[in-house]
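**Student:** Structure incoming, see below.
The values are calculated or read from the model by the stated rules, or taken from the named source; none is laboratory data. Given the structure is predicted, the values throughout are model-derived calculations rather than measurements. As a convention, Cβ positions derive from the backbone with ideal geometry for all residues, glycine included, and neighbour counts pool all protein chains shown. What goes into the accessible areas is simple: the full protein's heavy atoms, side chains included, and nothing from ligands, DNA or RNA. Shrake-Rupley method; radii C 1.70, N 1.55, O 1.52, S 1.80 Å.
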Amino acid sequence: MTNDTDALIAEDPITGEEIELPADVEVGEIIDSPVTGAELEVISLDPVVLEEAPELEEDWGE
Amino acid sequence: MTNDTDALIAEDPITGEEIELPADVEVGEIIDSPVTGAELEVISLDPVVLEEAPELEEDWGE
Amino acid sequence: MSDNAKADGGTSDDTYTASVVGGTGFTGGELLRLLAGHPNFEVVQATSRSNVNKTVGRTHPNLRDLDLRFSDPDDLESVDVLFAATPHGVSMEAIDEFFEAADTVVDLSADFRLPDAAGYDEWYDGHVSPEYLDRAEYALPELNGENLPGAELIAGGGCNATATILGLKPLVDEGVLGPETGEVVVDVKVGSSEGGAGGGAASSHPERSGVVRPYAPTGHRHEAEIEAYLGLSVSFTVHAVDMVRGASATCHVFPEEPVSKRDLWGAYRGAYAEEPFMRIVSGGGGVYRYPEPKAVAGTNYGEVGFELDPGNRRIVVFSAIDNMMKGSAGQAVHATNLALGLPETAGLEFGGLHPVGSP
Amino acid sequence: MSDNAKADGGTSDDTYTASVVGGTGFTGGELLRLLAGHPNFEVVQATSRSNVNKTVGRTHPNLRDLDLRFSDPDDLESVDVLFAATPHGVSMEAIDEFFEAADTVVDLSADFRLPDAAGYDEWYDGHVSPEYLDRAEYALPELNGENLPGAELIAGGGCNATATILGLKPLVDEGVLGPETGEVVVDVKVGSSEGGAGGGAASSHPERSGVVRPYAPTGHRHEAEIEAYLGLSVSFTVHAVDMVRGASATCHVFPEEPVSKRDLWGAYRGAYAEEPFMRIVSGGGGVYRYPEPKAVAGTNYGEVGFELDPGNRRIVVFSAIDNMMKGSAGQAVHATNLALGLPETAGLEFGGLHPVGSP
Amino acid sequence: MSDNAKADGGTSDDTYTASVVGGTGFTGGELLRLLAGHPNFEVVQATSRSNVNKTVGRTHPNLRDLDLRFSDPDDLESVDVLFAATPHGVSMEAIDEFFEAADTVVDLSADFRLPDAAGYDEWYDGHVSPEYLDRAEYALPELNGENLPGAELIAGGGCNATATILGLKPLVDEGVLGPETGEVVVDVKVGSSEGGAGGGAASSHPERSGVVRPYAPTGHRHEAEIEAYLGLSVSFTVHAVDMVRGASATCHVFPEEPVSKRDLWGAYRGAYAEEPFMRIVSGGGGVYRYPEPKAVAGTNYGEVGFELDPGNRRIVVFSAIDNMMKGSAGQAVHATNLALGLPETAGLEFGGLHPVGSP
Amino acid sequence: MSDNAKADGGTSDDTYTASVVGGTGFTGGELLRLLAGHPNFEVVQATSRSNVNKTVGRTHPNLRDLDLRFSDPDDLESVDVLFAATPHGVSMEAIDEFFEAADTVVDLSADFRLPDAAGYDEWYDGHVSPEYLDRAEYALPELNGENLPGAELIAGGGCNATATILGLKPLVDEGVLGPETGEVVVDVKVGSSEGGAGGGAASSHPERSGVVRPYAPTGHRHEAEIEAYLGLSVSFTVHAVDMVRGASATCHVFPEEPVSKRDLWGAYRGAYAEEPFMRIVSGGGGVYRYPEPKAVAGTNYGEVGFELDPGNRRIVVFSAIDNMMKGSAGQAVHATNLALGLPETAGLEFGGLHPVGSP
Ligand SMILES: NC(=O)c1ccc[n+]([C@@H]2O[C@H](COP(=O)([O-])OP(=O)(O)OC[C@H]3O[C@@H](n4cnc5c(N)ncnc54)[C@H](OP(=O)(O)O)[C@@H]3O)[C@@H](O)[C@H]2O)c1
Ligand SMILES: NC(=O)c1ccc[n+]([C@@H]2O[C@H](COP(=O)([O-])OP(=O)(O)OC[C@H]3O[C@@H](n4cnc5c(N)ncnc54)[C@H](OP(=O)(O)O)[C@@H]3O)[C@@H](O)[C@H]2O)c1
Ligand SMILES: NC(=O)c1ccc[n+]([C@@H]2O[C@H](COP(=O)([O-])OP(=O)(O)OC[C@H]3O[C@@H](n4cnc5c(N)ncnc54)[C@H](OP(=O)(O)O)[C@@H]3O)[C@@H](O)[C@H]2O)c1
Ligand SMILES: NC(=O)c1ccc[n+]([C@@H]2O[C@H](COP(=O)([O-])OP(=O)(O)OC[C@H]3O[C@@H](n4cnc5c(N)ncnc54)[C@H](OP(=O)(O)O)[C@@H]3O)[C@@H](O)[C@H]2O)c1
Ligand SMILES: [Zn+2]
Ligand SMILES: [Zn+2]
């Protein structure tokens, strides 16, 4: 699977659990949490800080 | 309905029938034939000459 | 009863009383809907054996405003026109009673469709009232419109046969297709309402959903009508697909002489340009480029279209109808309009919906 | 323009010219269908930015007989009534232009639905033409019919809000339900046409088929309308299900005092017995015992019904409409009939089909 | 019979013989499919009264490779485990015979679900074998897993009850929800397979397609199970929607104290993180953001998720299962694995399809 | 890499690493599902340009348990087998890179299906890597199984071509059908997943639901494959119908000499009795009498069956597959099993569901 040796460790902003991210994530990237599936924005890398990204309403239509 | 007084008259390239087009069509515009529904390209305006436009395969997918 | 009016697109003030035998069924319900909304009809009776004295709206929720209850088919009232929407075999048994009750009988079953008793011996289990076969007129106006005025016994066409005949008739008229042409393959796809209200295990929602199911691989009885009215035998296969209304026939034709698109447009425009319920849909842009049943669902319209396969000189003809309308109840009302001299499109103006799912 | 006729179930000879802005859309297509079949309207324009000069029938196959091509929304013609069926935000920007082109503007978006600008600040992104909000009348005739005659700016209701309001209004009128009642849960199920013609990945057939998909778990904007017009806040959740047309609201209400079935029948009959498009469907026999969207698909009818849960004093209210008709285009035409003094049901008589799949 | 193996995710070499009573039914077919593919079971008998000596594959086309014919339920063979998938009332009559034929009986009907005879008097028509009720264990492993090892009479849960219990249990465990909490509204949407193979008129494809149909507005018997096992009464309403497999429960909960998203994640992770068949799906991106039945169709998985409505302190809980799997046959096999000490997920590994329509 | 094992229905302990290029697509998702459940594969990479670093489960909800994120197709890892599930044209451009990254390349597109460059000039827009065409083996095991062992470049068949070839091959093998036979009409019905994940307006749920839509009336590119591998040209027409998975081909064949049912059973049994994924379904009782796609949905099985039309010497052949499985991803894994000497059915054992809607 993904190269776990390279993985970054961060705190999931929703659950507080520790999660793994790919080594090549960049600041500003939106990535989904492996725990909650939520879209998280990478705020900083050293240390890794994540924030919930605002939901994209348009995807869902009405 | 559409201002028939302004309408252009042309020959439908598929059926040979006389058809009406809106007065403001332009050369290169794709317009659908009122008889066959086919997509026709406006080749010239004076006289009005129409040609069958190539079908857009992508619309239909596979 | 009032005088006949001319069928000239105008209106008529005549009113005819009507009854529907088999009113709980699918096509019976459509007849009731159409007649209740028809300016020249007054529905006085709808029969059912299983729902006597129940309201019509209990079975057909779209008819909840109709103030009518089912009555027993043994107590037929006197009316101008009796419509029978019963399973095959019922009308041929009851035809004398029907004519006692009504001046005009319109039958939606197969009982009077074929021209002679031999056809019933070959394709069905024979006929018990063959003497009526000569009096019957096939209902499809685009095929037999000239013989409908004044008709007293009208035999509604089969839905798959109707789709096929509408698709192929222009080619037959033009001589592109004839008894010698070679194989004509007709591959039909139909919705679940074709089976009527009394479906069995194969018609239950879990089993019937999502299917492409060969339900009449060969030997479908509608072949008999097609042969009788087009004069050619076809290779006929019917599939059930996941829709409720609709019959779609794809006809694969191999003409002896190559034909052009312009020839085809000429043939189809010639046949249908003046027909109020026929549309030619053949190529073009957008999503709806060829006939498809959902574009005509709920309406009396038929769509036909075609495409050419230059490589092997095949014509592919597509034909789409709503089996409950153009394929039965709508066709019957259309034919009755012509029989009585009413405006041709009276009561049949609904043009359909968009978008629409699987109506 | 001609004089106004009285809305008394008769007919009117008046003819109004109309244009539809957003004519390629789903509700725009419905407006075109209804107006083309309406005895008192003549459609002179349908706009589209993406399909200028293409025939209307290319987009809406049910309108192939309509001799009309789309024109650019920047070239609005002068008409009596302009209908706008554009996404939220378009009409509030263009409202001055609309009134330059027309005497009456009927908007199907949310742009003029809420009573004041504060609502737009809270639920939307504010309003750019708040001065029009006072002039606008909410279109739902069963709620606001008395204020529609003479209205010049009509704001079509949201489809889910419409289903909910129709279901709960009789309880509010009777005082069974009020701001202090306690939680009112409204659980809505809607079809895919609610998303409009420009759907994204979640709207593709493979992803959208067969779903029961929570698409607005909480925070749906239609809550704002319901609160504004019923005076109570509801707990609102919307699910996408596998149909194309239809919105069905199930409202779970816990009255402070026990109510009886007779009370409920009284409340609903009182509210709707005289309403031409409302049906109470509540128990009884047969297959169709409670409201369901397919029984009203394609029509301007709304069905409401209810059931009592004696154990815990809950009322369950069911409400079903076609989102494209009673929930938008049909409601708009109904309101316009009232605004112009035309017969209330003109152009809206279609009563639906049976059987019907997922229309 | 062989020794019991430990349920530790490993494998077991034990083989148990099994029979399925009610093998032509929908859940009976699923049992046969699961047991035929299960490494520790050998199916020796499937019964049917209507299809004696017919192959199993004739009824269940996915089992055409299974070399087995139906036999009469009066001729039960001796097996290790007998699964009964018969309508309510059959097993309570036959339970002595079942235990004569087998050491372990797994019943999918409601006959042994409730803890005592009083429940059957209140919700059903009483019980004829109440002495067995104490011996029965409710099958749902996430609720009652600790009592399943060694169980000899296993009572499969109701499908709608299962969906509801899985959704609400974490809130009950955390004390967010209790008997005093106030109204809990459970609005359920189910597919047509829930009605079993022997559907009536309302289950025919034309009538059942495209519906959002309230089929149990109030008073559904599954309320009894929910009350018995969660200790709270719920306001329960069930709708039929257009899918074949699937049950989706939306639970509207109003906690006395506000809760946070983190609290909810904690509760659900605490309850289900170690459960092999439970997934929490709650927000996020892409098309599948909340539980939906088609994401678990054909599998033994359950999905749960939640959303908060800050305005009025509501928690909306979504729960989705396949009624034929997690809601009956899969649950039964899962429980049997635990009862016999087999690996918990044996025979239940199928993870579902994407894209998938309405499975 | 490990040694090759024999393909003898046993098991193998070999493990191969694999990557999937085009992992967000429909067939890419199926490949990931199959490989993740395959005893002899370890998936190390799935690529996407649009979803780099997103979890695979976000796109494919059935793969939520898979601990894998998409990576960029420009960063291919070294693997044993690379599967490409990209649109036509991508693999022929990237084929050198693919072989740099992997020993075996399995391509699901049309890029290496035809035997020579001339075919690409005639049916596509030419070929940019014609030198690979000789190295490629057509993946369909029932047609080309003998050439698959050791193959390094495997070209997955087209789904409609696969359905057709499986249906007609036994007749060609027996000489019933050959280049001189006369017209062979192939009328195909397909589900919406055939269009891939990136559908346009015609693929939206409202427009695509309920259709019987001629989408390739003539000139479908799969004719080229059929001609190349069966040696005969067919008259080919494809319709979109309302299902997500499935391709059903009805082939109308007119043999020069009359054939009997026994001949046909002989031909089909001869061709397929030993094939683990082929079933002959032809007549008999119950609901499922002929091939239909929902009976094989989710599986690698193909069903074929036939019927005779004595009147005009027609054979009607029915063939049904899941386009995403036997028609692409399943076929690819099956072929790869043979290429690597793995047990033929490894990873492909799922046998499907009953009842099932429109999977
Ligand atoms: N469905 C279609 O698309 C279609 C298209 C073309 C033609 N047709 C033909 O139209 C006819 C009706 O079809 P359908 O689909 O409407 O069938 P259906 O739904 O099964 O209805 C049949 C009706 O006939 C009544 N009936 C049955 N046996 C009767 C008897 N012996 N005497 C009097 N009434 C009887 C039934 O009601 P009770 O049992 O309550 O009396 C029911 O109202 C058939 O002949 C059919 O072939 C149907
Ligand atoms: N669908 C429903 O069930 C429903 C129910 C109640 C209310 N509504 C409301 O009705 C309105 C229309 O909904 P719909 O579902 O019909 O949407 P739709 O199918 O997406 O159609 C929108 C139409 O507006 C046009 N349009 C878009 N942007 C425009 C602009 N800036 N200027 C002019 N024209 C523009 C589009 O055509 P071109 O791009 O070609 O110009 C299209 O014709 C929305 O406000 C919606 O909220 C819809
Ligand atoms: N469907 C679901 O989603 C679901 C979910 C949870 C629980 N359940 C429960 O599971 C049970 C079976 O449901 P189902 O949906 O599978 O029903 P079904 O499809 O109607 O099957 C019932 C089966 O029982 C047999 N049967 C009927 N009466 C019998 C009798 N007196 N003695 C012996 N066999 C008899 C029938 O076959 P023959 O007539 O050929 O004998 C048939 O095989 C029911 O109790 C149901 O409540 C179902
Ligand atoms: N669907 C079927 O039933 C079926 C059956 C038989 C054969 N096929 C063939 O299988 C192939 C895939 O079909 P599909 O239905 O799975 O298509 P799809 O759903 O559209 O998926 C295409 C995939 O390719 C990726 N992709 C697109 N352009 C690419 C490029 N230039 N470089 C790298 N990746 C690219 C896309 O993802 P990103 O955009 O994220 O990179 C996506 O993952 C096609 O050649 C098709 O003809 C399909
Ligand atoms: Zn369906
Ligand atoms: Zn659908």
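**Student:** Is there a pair in C:189/F:169; C:169/C:261; C:326/F:294; D:169/D:261; D:294/F:294 whose C-alpha atoms are over 22 Å apart, and which pairs would that be? Before the final figure, lay out each step's value.
**Tutor:** On the way: C:189/F:169 25 Å; C:169/C:261 17 Å; C:326/F:294 30 Å; D:169/D:261 17 Å; D:294/F:294 25 Å.
Exceeds cut-off: C:189/F:169; C:326/F:294; D:294/F:294.
**Student:** Same structure again: How far is residue E:122 from the same spot in each other copy, in nm, shortest first, if each label point sits 7 Å from Cα toward Cβ?
**Tutor:** Inter-copy label distances (nm, one decimal, shortest first): 4.1, 7.0, 7.6.
**Student:** Taking the Cβ of residue E:272 as the centre, find all other residues whose Cβ is under 12 Å away and add up their charges (Lys, Arg: +1; Asp, Glu: -1). Before the final figure, lay out the partial values.
**Tutor:** Working: positive: E:169, E:269, E:279; negative: E:142, E:173, E:274, E:275, E:303.
Spelling it out: positives minus negatives among the neighbours equals -2.
**Student:** How much accessible area per residue does chain D have, in Å², with a 1.4 Å probe?
**Tutor:** On the way: 11000 Å² over 359 residues.
Heavy-atom accessible area per residue stands at 31 Å².
**Student:** Suppose we keep just the alpha-carbon trace of the range D:122-185; what are its Rg and Dmax in angstrom?
**Tutor:** Expressed in Å, the Cα Rg and Dmax of the range D:122-185 come to 14.3, 38.
**Student:** Another question about this same structure. Per-residue Cβ counts within 10 Å, from other chains only, averaged over F:62-74: what number is that?
**Tutor:** On the way: counts 15, 3, 11, 4, 2, 5, 2, 9, 1, 3, 1, 0, 0.
Mean partner shielding for this stretch: 4.
**Student:** Quote the charge dipole size of chain D about the Cα centre in Debye, to the nearest 20; the model charges only the Cβ of Lys and Arg (+1) and of Asp and Glu (-1). Numbers along the way, then the final one.
**Tutor:** Numbers: 24 positive and 53 negative charges, 378 e Å.
Roughly 1820 debye for chain D.
**Student:** May I pose another question? Under a GNM of chain C (C-alpha, springs under 10 Å), which listed residue has the highest mean-square fluctuation: C:112, C:99, C:318?
**Tutor:** Per the Cα network of chain C with a 10 Å cutoff, C:99 tops the list.
**Student:** Could I ask something else about it? Tell me, what is the 1.4 Å probe accessible area of residue C:278, in Å² to the nearest 10?
**Tutor:** Looks like 20 Å² after rounding.
**Student:** Which of F:132, F:124, F:288 moves most in a GNM of chain F, Cα contacts under 10 Å?
**Tutor:** Top of the fluctuation ranking is F:288.
**Student:** Now for a different question. For the range F:160-321, with equal point scatterers placed on the C-alpha atoms only and solvent neglected, what are the log10 I(q)/I(0) values from the Debye formula at q = 0.11, 0.14, 0.15, 0.20 1/Å, to two decimals?
**Tutor:** With no solvent term, the Cα-only Debye profile gives -0.44, -0.71, -0.81, -1.34.
**Student:** Separate question: Once you have all Cα-Cα distances for the range C:67-124, histogram them in 10 Å bins from zero and send the whole-percent values.
**Tutor:** In whole percents, the pair-distance histogram is 22, 49, 22, 6, 1.
**Student:** In percent, how large is the relative contact order of the range D:215-326, given Cα pairs closer than 8 Å and 6 or more residues apart?
**Tutor:** On the way: 188 pairs, mean separation 31.7, N = 112.
With pairs under 8 Å counted, the relative contact order is 28 percent.
**Student:** Continuing with this model, one more query. Let's test this: bin the Cα-Cα distances of the range D:162-217 at 10 Å from zero up to the farthest pair and state each bin's percent.
**Tutor:** That works out to 17, 38, 22, 18, 4, in percent per bin.
**Student:** With a sphere of radius 13 Å drawn around the Cβ of residue E:143, what net charge do the other residues whose Cβ falls strictly inside it have (Lys, Arg +1; Asp, Glu -1)?
**Tutor:** Numbers: positive: E:113, E:169, E:326; negative: E:137, E:142, E:146, E:173, E:225, E:275.
That works out to -3.
**Student:** Could I ask something else about it? Give the distance, in whole Å, between the Cα centre of the range E:333-359 and the Cα centre of the range C:122-172.
**Tutor:** 56
**Student:** Something else about it: How well do other chains shield peptide F:318-330, expressed as the mean number of their Cβ atoms within 10 Å of each residue Cβ? List each step's numbers first, then the result.
**Tutor:** Details: counts 6, 0, 3, 0, 1, 0, 5, 1, 0, 0, 0, 0, 0.
Counting other chains' Cβ atoms within 10 Å and averaging over F:318-330 gives 1.
**Student:** Hey, what's the per residue convex hull volume over the C-alpha atoms of the protein assembly as shown, in cubic angstrom?
**Tutor:** On the way: hull volume 277.2 nm³, N = 1560.
Normalising the Cα hull of the protein assembly as shown by residue number yields 178 Å³.
**Student:** Shifting gears a bit: Output, in nm with one decimal and in ascending order, the distances from the residue C:262 label point to the matching label points of the other copies (7 Å from Cα along Cα-to-Cβ).
**Tutor:** Result, one decimal in nm: 5.7, 7.9, 8.1.
**Student:** Sticking with this one: Which distances, in nm and shortest first, link the residue F:99 label point to the same label point in every other copy, taking 7 Å along Cα→Cβ?
**Tutor:** 7.1, 7.3, 8.2
**Student:** Can you list, bin by bin at 20 Å, the percent of alpha carbon pairs in chain E, starting at 0?
**Tutor:** Once binned at 20 Å, the Cα pair distances of chain E give 31, 60, 10, 0.
**Student:** So what are the three principal axis dimensions of the range E:215-311 from its Cα atoms, in whole Å, longest to shortest?
**Tutor:** 35, 35, 29
**Student:** Taking the Cα-to-Cβ direction at residue F:121 and at residue C:349 and moving 7 Å from each Cα, how far apart do the two end points lie in nm?
**Tutor:** 6.1
**Student:** Next question. May I ask for log10 I(q)/I(0) of the range D:257-353 at q = 0.13 Å⁻¹, from a Debye sum over the Cα atoms as equal point scatterers with solvent left out?
**Tutor:** With one equal scatterer per Cα and no solvent, log10 I(q)/I(0) is -0.51.
**Student:** Size of the range D:76-181 along its principal axes in angstrom, Cα-based, largest extent first?
**Tutor:** In descending order, the Cα extents are 48, 30, 21 Å.
**Student:** What is the average number of partner chain Cβ atoms found within 10 Å of a Cβ in C:164-174?
**Tutor:** Values: counts 0, 0, 0, 0, 0, 0, 0, 0, 0, 0, 0.
Average per residue, whole number: 0.
**Student:** Quote the charge dipole size of the range F:14-156 about the Cα centre in Debye, to the nearest 20; the model charges only the Cβ of Lys and Arg (+1) and of Asp and Glu (-1). All intermediate terms of the calculation are to be shown ahead of the outcome.
**Tutor:** On the way: 8 positive and 27 negative charges, 189 e Å.
So the dipole magnitude of the range F:14-156 works out to roughly 900 debye.
**Student:** A further question on this structure: Would you mind counting up the charge near residue C:70? Only other residues with Cβ under 10 Å from its Cβ, with Lys and Arg at +1 and Asp and Glu at -1. Show your work: numbers first, answer last.
**Tutor:** Working: positive: C:49, C:54, C:58, C:69; negative: C:72.
Summing Lys/Arg as +1 and Asp/Glu as -1 gives +3.
**Student:** Considering only DSSP beta bridges with both partners in chain F, what is the antiparallel share in %, to the nearest 5? Please list the in-between numbers first.
**Tutor:** Values: 26 of 56 bridges.
Around 45 percent of the beta bridges assigned by DSSP in chain F are antiparallel ones.
**Student:** Okay, helix-only estimate at 222 nm for chain E: each DSSP H run of n ≥ 4 adds -39500 (n - 2.57), divide by all residues, round to 500 deg cm²/dmol; what do you get?
**Tutor:** Details: 10 runs with 89 residues, N = 359.
Using -39500 (n - 2.57) per qualifying helix, the result is -7000 deg cm²/dmol.
**Student:** Just to check, using Stokes-Einstein with a Kirkwood Rh over alpha carbon pairs, what's the diffusion coefficient of the range D:8-103 at 10 °C and 1.306 mPa s in µm²/s? The partial results should precede the final answer.
**Tutor:** On the way: Rh = 13.5 Å.
Answer from the Stokes-Einstein relation: 117 µm²/s.
**Student:** Compute for chains F and E the buried accessible surface, both sides summed, probe 1.4 Å, and express it in Å² to the nearest 100.
**Tutor:** Numbers: alone 15420 and 15410 Å², together 27960 Å².
Chains F and E together bury approximately 2900 Å².
**Student:** Given a cut-off of under 8 Å on Cα pairs at least six residues apart, what relative contact order in percent is computed for chain D?
**Tutor:** Once normalised by length, the contact order is 19 percent.
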